[in-house]
Amino acid sequence: MCVGRNYRAHAAELGHEIPDKPLLFLKPPSAVIFDRDNIVLPSESKRVDYEGEVVVIIGETIFAATPAAAMAAVGGICCGNDVTARDIQGEEPQWTRAKGFDTFCPLGPAVVPASGLDLDRLDLVTRLNGVIVQQGNTRDLIFPVAELLSYISHTMTLEPGDAVFTGTPEGVGPLTPGDVVEVEIPGVGILRNGVSR
């Protein structure tokens, strides 16, 4: 489960309005890859972007949960990359294809228990070929983690192992073959993926 336009500056950089409610979309399981796996650029797209994100991993089943109950159900945190075919996203009214290509959901390098982490104060850094391109903190989320999980759970049951992408900060940009993209959450780890065609 992913949340779009959850940082004001990211919405602004793409020329989008701030949503009144969390903007939700899904990635298929076939999009999932892990640390050190390659993101494969599809021939159908002329521009594929990185989007570093904090990802919440659900630990207990929840449905119609309060924000407090939703937070109590968090199992852990990991790094994620909401890889996006930006040209396709701009051409189609919904984002399933633009966000759903195989290898477009890197996760890792491991799930770190949420206990001891302040989910409202997590730093996020994305590097492309060693250069910092994104810096954010979950304190800047339009819809905080607890509110997001509660909102989602009022639509669908969240089950153990489900991954919830919380949104990307500004600084998204294109990937090319040979690139290495890293998403880091200090205290959680560094997700590193090469890029190929």
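Here, each number is a calculation from the coordinates, and none is a lab measurement. The model shown is predicted, which means the values in this text are computed figures rather than measured ones. A quick note on method: Cβ atoms are made from the backbone with ideal geometry, for glycine too, and the neighbour counts reach across all protein chains shown.
Most exposed first by the Cβ proxy, i.e. fewest other Cβ within 10 Å, how do ILE39, ILE132 rank?
Exposure proxy ranking, most exposed first: ILE132, ILE39.
Could you give each residue of region 185-192 its phi-based ³J(HN,Hα) in whole Hz, using Karplus coefficients 6.51, -1.76, 1.60 with θ = phi - 60°, and x for Gly or Pro?
3J(HN,Hα) across region 185-192, in whole Hz: 10, x, x, 10, x, 10, 8, 10.
For region 28-157, taking Cα atoms only, what is the radius of gyration to one decimal and the Dmax to the nearest whole Å?
So, for region 28-157, Rg and Dmax equal 15.7, 44 Å respectively.
Under 13 Å from the 7 Å Cα→Cβ point of GLU44, by amide nitrogen: which residues of region 94-110?
94-104
For GLY80, which sequence-distant residues (separation of 5 or more, or a different chain) have an amide H within less than 5 Å of its own amide H, given hydrogens modelled in the peptide plane?
Under 5 Å from the amide H of GLY80: GLU53, VAL55.
Most exposed first by the Cβ proxy, i.e. fewest other Cβ within 10 Å, how do GLU17, GLU184, GLU51 rank?
Result, fewest neighbours first: GLU17, GLU184, GLU51.
With the contact rule set at Cα under 8 Å and sequence spacing of 6 or more, what percent relative contact order holds for the chain? List each step's numbers first, then the result.
Numbers: 505 pairs, mean separation 68.3, N = 197.
Across the chain, relative contact order equals 35 percent.
Each residue of region 140-146 in order: what ³J(HN,Hα) in whole Hz does its phi give by Karplus 6.51 cos²θ - 1.76 cosθ + 1.60, θ = phi - 60°, with x for Gly and Pro?
Calculated HN-Hα couplings, in order: 8, 4, 5, 10, x, 4, 4 Hz.
With label points built 7 Å along Cα→Cβ from the Cα atoms of ARG121 and ARG197, find their separation and express it in nm.
Label-label distance for ARG121 and ARG197, simple model: 4.6 nm.
Order by neighbour count: TYR7, TYR50, fewest other Cβ atoms within 10 Å first, most last. Walk me through the numbers before you get to the answer.
On the way: TYR7 24, TYR50 28.
The order, fewest Cβ neighbours first, is TYR7, TYR50.
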